[in-house]
Amino acid sequence: MSVLVVGLSHRSAPVEVLERASVGADDVPKLLDEMVRSAHVSEVMMLSTCNRIEVYSVVDTFHGGLADVSNVLARHSGMPLHELTEHVYVHYAGSAVQHLFAVAAGLDSMVVGEAQILGQLRSAYAAADECGSVGRTLHELAQQALRVGKRVHASTGIDTAGASVVSEALVDAAGVLGGELAGRRAVLVGAGAMGALVAAHLRRAGAAEIVVLNRSVERAERLAGTTAGHGTPARAGTLDALADELVTADLLVACTGAVGTVVGRAVVAAAVATRDGRPLAVCDLGLPRDVDAGVAALPGVTVVDLIALQRRLAPGQRGSAVAAAQELVAEEAQAYLAAQRSAEVTPTVTALRRRASEVIDAELLRLDSRLPDLDDRVRDEFTRSVRRVVDKLLHTPTVQIKRLAVGPDGSSYAEALRELFELDPQTPAAVAVPRSGDVLAALEAREERT
């Protein structure tokens, strides 16, 4: 079993393709269930953000797993498989681990170093865990990725190399409005996690008032209450109030995560007609987009969307902090893979020792049947001698195979050991945790002391 990553992001696909392939929170459980029920996928987790859709799965074969995951994504997007695969990237085994660690560190983000990806990754794991599609492999991998992401942000200063898609969009919006957002009135459409992040940025920027509009007025009221509690005037309402609120607003930010357009051209046009030419900045952070494309053509309206951000941020940020983060990610990935290879070979070593113990026990029983009158002291000394001989014969190869297992070809040594001693492939898994009181426990403890 190996880890497979199949994804699309701002690096591999235009926003139009990402819109078609985007997966809303309500669709995630259905797609996870469909993938984990396929022939070659045993575990699966999906990371879906405003600029990436990635599937992390544990598969028994590369090609089979790739076909299973790709077919589900193609059906969901409504795109022919050959069209979708033009924009898909794939990582497998060690490359998949390093990619996830880089994603968690913010190295693969549109804004290098942004920290929001850690929360998104945590949510992706929680959603998969709730659906029952996460097993031991993805659990350990996801938890390690979160730890690596935290370490990178804490020790490299990569956060200073970039901010977030939200902050960068608001920088562009401030440019439209004379260079700052302080004292401006903002309308926020969407009260989810992204909406909360937008509200926090607007609050810190000194916005005069934030009006939160959402289909669920209860969620809008919670976000408005939190914002007001931090000292920024805030009100809540439903989407029906959008046209009236835009008449006096300076900024509109839409980030609902809805499947279709939420802010229509006609609604914005009606508001623009009464604004006497005052500029209106519109930030569309939805994927698929929340704002009708025709809004950008209205007089006095400037739209900042993911396409514009993708173009502006395409070169990315580089520097010593990014280089340090890349080095740390590579180091963590190598350490994780080495630990995994070592863990994989341990059950095989345990199975070999158990096999040796069984052979010794069988031969001692045969000795008892042939020499039933053998003196007890002689029998005990003979038993100890046989066990010492076998222990010494097995010591060097088992120590060596554990050492070799941390290398890139570690799994092949375990396979060779199983072939040489005719160990059943299923036996190592069955003896991964030695039984209490087993004679092998003493042998393993003795080996560790040597």
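Computed quantities for the displayed model
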read-out	value
Contacts under 8 angstrom Cβ, first residue in segment 225-245 being more than 16 Å from R215 (Cα to Cα), partner in a strand (DSSP E or B) and acidic (D, E), 6 or more apart	T232/E209; P233/E209; A234/E209
Any hit, segment 276-290, residues being assigned to a helix (DSSP H, G or I), within 16 Å of V189 (Cβ to Cβ) and assigned by TED's automatic domain parsing to the domain that holds G179	no
Selected residue (only one of A258, A241, A296, A269 is surrounded by fewer than 24 Cβ atoms within 10 Å (Cβ to Cβ), closer than 20 Å to A193 by Cβ and not aromatic (F, W, Y))	A258
Matching residues, segment 214-247, being in contact with a helix residue (DSSP H, G or I) (Cβ under 9 Å, 6 or more places away or on another chain) and among the hydroxyl-bearing types (S, T, Y)	T226, T227, T232, T238
Residue that is modelled with the lowest pLDDT [pool: residues in segment 358-412 that are of a type in the set (S, T, Y) and out of contact with any helix residue (DSSP H, G or I) (no Cβ under 8 Å at 6 or more places or on another chain)]	S412
Segment 297-319, subset in contact with a His (Cβ under 9 Å, 6 or more places away or on another chain) and modelled with pLDDT under 75, residue nearest to D172 (Cα to Cα)	L313
Residue among G149, G119 that is in contact with a Phe, Trp or Tyr (Cβ under 8 Å, 6 or more places away or on another chain), of a type outside the set (F, W, Y) and either at pLDDT below 95 or in a helix (DSSP H, G or I) (or both)	G149
Selection from segment 164-183 of residues that are more than 25 Å from I117 (Cβ to Cβ) and crowded, with 17+ Cβ neighbours inside 10 Å	V176, L177
Qualifying residue in segment 124-142 (condition: β-branched (V, I, T) and either assigned to a loop (DSSP other than H, G, I, E, B) or assigned by TED's automatic domain parsing to the domain that holds E344 (or both))	yes
Only one of D373, D361 that is free of Cβ contacts under 8 Å to residues at least 60 places away in the same chain, assigned to a helix (DSSP H, G or I) and over 24 Å from A142 (Cα atoms)	D361
Selection count where residues are in a loop (DSSP other than H, G, I, E, B) and either more than 28 Å from P299 (Cα to Cα) or in contact with a strand residue (DSSP E or B) (Cβ under 6 Å, 6 or more places away or on another chain) (or both), scope segment 191-214	4
Any chance A186 is buried (at least 17 other Cβ atoms within 10 Å of the Cβ), modelled with pLDDT of 95 or more and in contact with an Asp or Glu (Cβ under 8 Å, 6 or more places away or on another chain)	yes
Criterion violated by D129 - all others in (1) over 20 Å from A339 (Cα atoms); (2) touching a residue at least 12 places away in the same chain (Cβ under 8 Å); (3) in contact with a strand residue (DSSP E or B) (Cβ under 9 Å, 6 or more places away or on another chain); (4) surrounded by fewer than 17 Cβ atoms within 10 Å (Cβ to Cβ) satisfied	(2)
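Here's the yes/no breakdown for (1) touching a Lys or Arg at 6+ places or on another chain (Cβ under 8 Å); (2) not assigned by TED's automatic domain parsing to the domain that holds L251:
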position: A145; (1), (2): no, yes
position: V152; (1), (2): no, yes
position: G157; (1), (2): no, yes
position: A169; (1), (2): no, no
position: A173; (1), (2): no, no
position: V176; (1), (2): no, no
position: G190; (1), (2): no, no
position: V198; (1), (2): no, no
position: A207; (1), (2): yes, no
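The values are calculated or read from the model by the stated rules, or taken from the named source; none is laboratory data. Because the structure is predicted, anything quoted here is derived from the model rather than measured. Using ideal geometry, Cβ is built from the backbone for each residue, glycine included, and neighbour counts are taken over all protein chains shown.
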